[in-house]
1. Could you tell me whether any residue of the range 27-35 is at pLDDT below 90 and farther than 30 Å from W168 by Cα?
2. Could you pull out the residue among L83, L107 that is closer than 23 Å to Y169 by Cβ, in contact (Cβ under 8 Å) with a residue 24 or more places away in the chain and in contact with an Asp or Glu (Cβ under 7 Å, 6 or more places away or on another chain)?
3. When you scan the range 157-166, do you find a residue that is within 22 Å of A38 (Cα to Cα) and either touching a residue at least 12 places away in the same chain (Cβ under 8 Å) or among the charged types (D, E, K, R) (or both), even just one?
4. Could you grab me the full set of residues in the range 44-80 that are surrounded by 14 or more Cβ atoms within 10 Å (Cβ to Cβ), within 29 Å of E171 (Cα to Cα) and hydrophobic (A, V, I, L, M, F, W, C)?
5. So which of R100, R135, R118 is under 13 Å from the mean Cα position of the chain (by Cα), closer than 23 Å to F41 by Cβ and assigned to a loop (DSSP other than H, G, I, E, B)?
6. Can you tell me how many residues within the range 131-157 are modelled with pLDDT under 95 and on the phi > 0 side of the Ramachandran plot?
7. Suppose we filter E8, E94, E52, E106 for residues that are at pLDDT 95 or above and among the acidic types (D, E); which single one remains?
8. Among the residues that make up the range 142-165, is at least one of them within 23 Å of the chain's Cα centre (by Cα), surrounded by 19 or more Cβ atoms within 10 Å (Cβ to Cβ) and not assigned by TED's automatic domain parsing to the domain that holds T49?
Amino acid sequence: MSKAFTRESDDLPERSVLPRPQKTLPPGVKNHLTPGGAARFQEEWAHLTQIERPQLLAQPTSDSSRERLQRLGQRLLELDQILQTAHIVDVPPEPHDSVRFGALAELRESDGSMTQYRIVGVDEIDLDRNWISWRSPLAKALLGSRLGQVISIQTPAGNRALEVLRVWYPEQ
């Protein structure tokens, strides 16, 4: 067998190749962000470039530090992409009687239970906090709904009826 198809040493560890970040929006669709989301991404970018990267560069070179630098560089590229394509959507003027981008909506389920969802940009999604993308089916059903309105959405578990009880725009 030709040496062109073998490694020089089987003792060397394999280098991991990090996957490239996937685009989250189709071409031509604006990358909506809340003002708070844009600020968080800018703060993260500043922290990574001014603190994390210099600390990693000051460490002795090792496989783990190279991998951490590679991950950091990838995150910086992702943040650059987010911030360069961001369309920051300001809070709409009062009265806040309908659900718009950035809103936190308090809803009553048909069984009487209460839930809240915040409609945010695709890069801001946080399911632990019920922050959903404006492109999700639930957000699309909620957008434009008014206080007191009951919306209906089809889910894998069946039809859900949700009444809009309160709408507000958090600071963050």
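The values are calculated or read from the model by the stated rules, or taken from the named source; none is laboratory data. Model, not experiment: these values are computed from the prediction. Quick reminder, even Gly has a Cβ in these numbers, built from the backbone with ideal geometry, and neighbours come from all protein chains shown.
1. Within the range 27-35, one or more residues are at pLDDT below 90 and farther than 30 Å from W168 by Cα.
2. It is L107.
3. no
4. W45, L48, L72, L76, L79
5. R135
6. Matching residues across the range 131-157 total 0.
7. Selected residue: E106, the only one of E8, E94, E52, E106 that is at pLDDT 95 or above and among the acidic types (D, E).
8. Looking for residues that are within 23 Å of the chain's Cα centre (by Cα), surrounded by 19 or more Cβ atoms within 10 Å (Cβ to Cβ) and not assigned by TED's automatic domain parsing to the domain that holds T49, one finds at least one in the range 142-165, hence yes.
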